[in-house]
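A.B. asks: Before I ask anything, let me first share the structure, which is written out below as structure tokens.
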Amino acid sequence: MILNLNWQIIWVFVNLLILFLLMKKFLFGPITKMLDNRAKSVADTLDQADERLADAEKQKAEYTQQLADARGEASRIIEEARKRADLAYSRRMNEAEKDIQRLNEQAARQREADREAMLKSAKQQIAALVLLTTAKVSQHAMNADADRTMLDSFLNEAGDEL
């Protein structure tokens, strides 16, 4: 007999079956439930981490865009300031050139006025010398009013020739 069944073996199988059912109900069920809850908790945590990572990447992209916008704005402001500075520089250079031209014109007028005054003074001195020389040559006494009239007419005639 190959299979010798006795009551003791049957009771062992029945006991094992009851033990299995009790373990399934009181041990495997709660452990499985606990493992499922733990797996769900881990999955939720991973989902939250993914959401936070997506939010962080979105914020990073926004900050990168804001930084690029700020750099563009800074470049625009610098370029505008450079243009204003160039314009102010050109304006001041033009004003300086006009001032230099005006000063040169004033200096030229002053030189011409000084030249005219010098020439007039020289003419008067020459005329006085000529009159003095003429008076000495003619041995004639000089009359101030007559000499002055003669000197003025001499200067007018000499001025026309110069």
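The values are calculated or read from the model by the stated rules, or taken from the named source; none is laboratory data. Every value quoted in this text rests on a predicted model; they were computed, and no experiment measured them. Note that each Cβ is placed from the backbone with ideal geometry, even for glycine, and that neighbours are counted across all protein chains shown.
A.B. asks: Do we have any residue at all in the stretch 20-42 that's loosely packed, with under 10 Cβ neighbours inside 10 Å and in a helix (DSSP H, G or I)?
C.D. replies: no
A.B. asks: Hey, another quick one. Please identify the pairs in which a residue from the stretch 54-71 that is modelled with pLDDT of 95 or more has its Cβ atom under 9 Å from the Cβ atom of a residue that is in a helix (DSSP H, G or I), counting only partners at least 6 apart or on another chain.
C.D. replies: Cβ pairs passing all conditions: none.
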